[in-house]
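Remarks on the structure that follows.
The values are calculated or read from the model by the stated rules, or taken from the named source; none is laboratory data. Source: prediction; values computed, not measured. Methodologically, a virtual Cβ is constructed for each residue, glycine included, from the backbone with ideal geometry; neighbour enumeration extends over all protein chains shown.
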């Protein structure tokens, strides 16, 4: 069974600074997808960024980028130029051949002035 | 484009009572998911539909939970009878298809409190 581990329950960053959220996963599969989802307070969960395991290039979406280390089974999210609107729970998630999303326990990110 | 709709947004019931949640996915999305998100945890998949057929219900407690997807569009999730440990947010999501890389679009969720 696949597992996803987020070891940072809470993090804080000042506006305009950079923060990195950690995620590790365990799987025996070779082809899979990894995701970061954002869940703002009292709002819907939305996709932040997606990475295909067979692609070596790290995915980027504007201020969001990932550091995908396949051998280490690590998938961290970097948020540059943090904004107040980035305050949310961030979930790392995995999907393999079963096409079923497995989520980590989340990291609560607080962006401060 | 309208998002995933869910109702009700909040529900409080006594243990052993029944409750039902409704979900309307994004138009044209073939795959629909129900997740249970207990406070402090990530969402856990309960059931996945492809059109009106069940793809995965391995984590659905079938002795008390049931779900159906009417005509491959709307879906209802029912709990009968509810237990205290069922207190959670129930999220509905949909995706265009069930390819692994497809983005899932989530609804606002139904927060269930069982007293």
Scanning region B:1-25 for residues that are over 17 Å from residue B:77 (Cα atoms) and within 13 Å of another protein chain (Cβ to nearest Cβ), the one modelled with the highest pLDDT turns out to be B:3
Scanning region A:30-43 residue by residue, those closer than 18 Å to residue A:86 by Cα and crowded, with 18+ Cβ neighbours inside 10 Å turn out to be A:35, A:36, A:37, A:38, A:39
Here the residues within region B:90-115 that are farther than 17 Å from residue B:44 by Cβ and either part of a loop (DSSP other than H, G, I, E, B) or free of Cβ contacts under 8 Å to residues at least 40 places away in the same chain (or both) are B:96, B:97, B:98, B:99, B:100, B:101, B:102, B:103, B:108, B:115
Residue set B:100, B:111; condition at pLDDT below 90 and either at the interface with another protein chain (Cβ under 10 Å from one of its Cβ atoms) or surrounded by fewer than 19 Cβ atoms within 10 Å (Cβ to Cβ) (or both); output residue B:100
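If you take the residues in region B:62-89 that are in contact with a helix residue (DSSP H, G or I) (Cβ under 9 Å, 6 or more places away or on another chain) and without any contact (Cβ under 8 Å) to a residue 40 or more places away in the chain, which one is surrounded by the fewest Cβ atoms within 10 Å (Cβ to Cβ)?
So the first thing to find is which residues in region B:62-89 are in contact with a helix residue (DSSP H, G or I) (Cβ under 9 Å, 6 or more places away or on another chain), and the list is B:64-65, B:76, B:79.
The next check asks that each one be without any contact (Cβ under 8 Å) to a residue 40 or more places away in the chain; those that pass are B:64-65.
Values: B:64: 14, B:65: 19.
The qualifying residue surrounded by the fewest Cβ atoms within 10 Å (Cβ to Cβ) is B:64.
Going through A:18, A:97, A:5, A:27 one at a time, which residue ends up being more than 26 Å from residue B:109 (Cβ to Cβ), within 11 Å of chain B (Cβ to nearest Cβ), surrounded by fewer than 20 Cβ atoms within 10 Å (Cβ to Cβ) and touching a residue at least 24 places away in the same chain (Cβ under 8 Å)?
Working: A:18 fails: within 11 Å of chain B (Cβ to nearest Cβ); A:5 fails: more than 26 Å from residue B:109 (Cβ to Cβ); A:27 fails: within 11 Å of chain B (Cβ to nearest Cβ).
Going through A:18, A:97, A:5, A:27 in turn, just one is more than 26 Å from residue B:109 (Cβ to Cβ), within 11 Å of chain B (Cβ to nearest Cβ), surrounded by fewer than 20 Cβ atoms within 10 Å (Cβ to Cβ) and touching a residue at least 24 places away in the same chain (Cβ under 8 Å): A:97.
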Looking across region A:100-113 at residues that are at pLDDT 95 or above and away from every other protein chain (no Cβ under 13 Å), the single one that is surrounded by the fewest Cβ atoms within 10 Å (Cβ to Cβ) is A:112
Residue hits (region B:52-89; within 13 Å of another protein chain (Cβ to nearest Cβ) and not in a loop (DSSP other than H, G, I, E, B)) are B:54, B:55, B:56, B:89
